[in-house]
Amino acid sequence: MNVKPIFSSSKWLALAVVTVGMTLGCGGANGPRLGTVSGTVTLNGKPLADATVNFYHENDRPSHGKTDASGRYELEFTNTRKGAIVGENVVRITVATTEGEGVKPKREILQARYNTDSELRFDVESGDNTANFDLKHSGGGAGG
């Protein structure tokens, strides 16, 4: 009786390559190198509560945090990992919310240079990082 294997060695190799590629492409068990990031966001020197802080590193997933009543935030990369990817990150800060988030929609009060056209950058290093942002509102509305 001639028994034929279900998978040939080349199919096992292809399966292994795909599995390893998916694992590494998603950051593997450890994922990219992160540094913990926390800080305070103020607007004209006063704590900015309920702002969303996002750090974007090149084409990778962003890290995010939400400010409390004191303007303090701490970034999360995933539900199980805190921090942001090591290296230069574009920082976007917004107070706007949209329908579907379970809260009343909120209009953006920050200028585009802090979010959609952000001029904010932060270089995350390994270990602990403090990233404070003192935003200035010059009365021109969200676009100015």
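The values are calculated or read from the model by the stated rules, or taken from the named source; none is laboratory data. This is a predicted model, so every value here is computed, not measured. A quick note on method: Cβ atoms are made from the backbone with ideal geometry, for glycine too, and the neighbour counts reach across all protein chains shown.
Kindly check whether there is at least one residue in region 72-93 that is without any contact (Cβ under 8 Å) to a residue 12 or more places away in the chain and more than 22 Å from THR36 (Cβ to Cβ).
no
Within region 125-142, is even one residue surrounded by 12 or more Cβ atoms within 10 Å (Cβ to Cβ), on the phi > 0 side of the Ramachandran plot and in a strand (DSSP E or B)?
No, there is no match, as no residue in region 125-142 is surrounded by 12 or more Cβ atoms within 10 Å (Cβ to Cβ), on the phi > 0 side of the Ramachandran plot and in a strand (DSSP E or B).
Given LYS4, LYS46, which one is over 14 Å from THR130 (Cα atoms), at pLDDT 95 or above, loosely packed, with under 11 Cβ neighbours inside 10 Å and charged (D, E, K, R)?
LYS46
Which ones in region 88-118 are part of a loop (DSSP other than H, G, I, E, B), farther than 24 Å from GLU76 by Cβ and either modelled with pLDDT of 95 or more or touching a helix residue (DSSP H, G or I) at 6+ places or on another chain (Cβ under 9 Å) (or both)?
GLN111, ASP117, listed by residue number.
If you go through region 32-76, how many residues are β-branched (Val, Ile, Thr) and within 14 Å of VAL124 (Cα to Cα)?
Total meeting the criteria: 2.
State whether one or more residues within region 57-74 are of a type in the set (Asp, Glu) and under 13 Å from ASN129 (Cα atoms).
Taking every residue of region 57-74 in turn, at least one turns out to be of a type in the set (Asp, Glu) and under 13 Å from ASN129 (Cα atoms).
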